[in-house]
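I have placed the structure first, in the form of structure tokens, so that the comments after it can refer back to it.
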Amino acid sequence: MGFFKKLFGMEKPANAEVNPAPAADATDPETGGEVAPERMGVNGEYDQSGLAKRVAVAFDEDASVTDVDTLWVAQTGSSVVLKGSVPSQDILDKMVELASGVSGASDVNIDQVTVG
């Protein structure tokens with residue numbers, strides 16, 4: 001099972017992107033203005049959990065981390081929060097690199113991750 005399905009309980013949309021362009025009609029319902037990068041969904045739409053979903057897509061697209069089923073992704077504003085465990089420091093480093101590469105991610109918090 002991929003990260004997207006595990007975390008959000010649904011199949012990843014076929015056209016999901018890690019860093020999509022904003023949809024033509026995308027607006028923030030709270031402000032009525034432009035969608036903040038951390039609220040951009042996998043198809044460029046507004047999504048309250050957009051950053052976490054796009055990080056899940058990034059993890060699903062990288063074969064070196066797709067078999068890690070003991071890690072969870074959340075977001076607090078523009079901060080990506082990883083929780084759980086990973087088998088090695090190398091895998092954690094790769095996941096931090098992938099998460100950091102998603103637009104809208106200001107930092108990646110790994111305080112709740114154990115290695116080993």
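Numerical summary
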quantity	calculated
Near pairs, Cβ below 7 angstrom, 6+ apart or cross-chain, from the range 99-116 (within 18 Å of D60 (Cα to Cα) and polar (S, T, N, Q)) to any residue that is open to solvent by less than 60 Å² (accessible area, probe 1.4 Å) and modelled with pLDDT of 95 or more	S100/V108
Within the range 88-102, tally of residues that are surrounded by fewer than 13 Cβ atoms within 10 Å (Cβ to Cβ) and in contact with a strand residue (DSSP E or B) (Cβ under 8 Å, 6 or more places away or on another chain)	2
Neighbours by Cβ (under 9 Å, 6+ apart or cross-chain): first from the range 1-23, touching a residue at least 40 places away in the same chain (Cβ under 8 Å) and surrounded by fewer than 17 Cβ atoms within 10 Å (Cβ to Cβ); second among the aliphatic types (A, V, I, L, M) and part of a loop (DSSP other than H, G, I, E, B)	E17/V42; N19/V102
Options V68, V73, V102, V80; residue that is β-branched (V, I, T), modelled with pLDDT of 95 or more and either assigned to a loop (DSSP other than H, G, I, E, B) or touching an Asp or Glu at 6+ places or on another chain (Cβ under 7 Å) (or both)	V102
Any chance V57 is out of contact with any strand residue (DSSP E or B) (no Cβ under 9 Å at 6 or more places or on another chain) and part of a helix (DSSP H, G or I)	yes
Test: V55 is at pLDDT 95 or above and within 10 Å of the chain's Cα centre (by Cα)	yes
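The values are calculated or read from the model by the stated rules, or taken from the named source; none is laboratory data. A quick note: this is a predicted structure, and the numbers were derived from the prediction, not measured. Cβ: placed from backbone, ideal geometry, glycine included. Neighbour counts: every protein chain shown. Remember, those area values only see protein heavy atoms, side chains included, never the ligands or the DNA or RNA. Shrake-Rupley method; radii C 1.70, N 1.55, O 1.52, S 1.80 Å.
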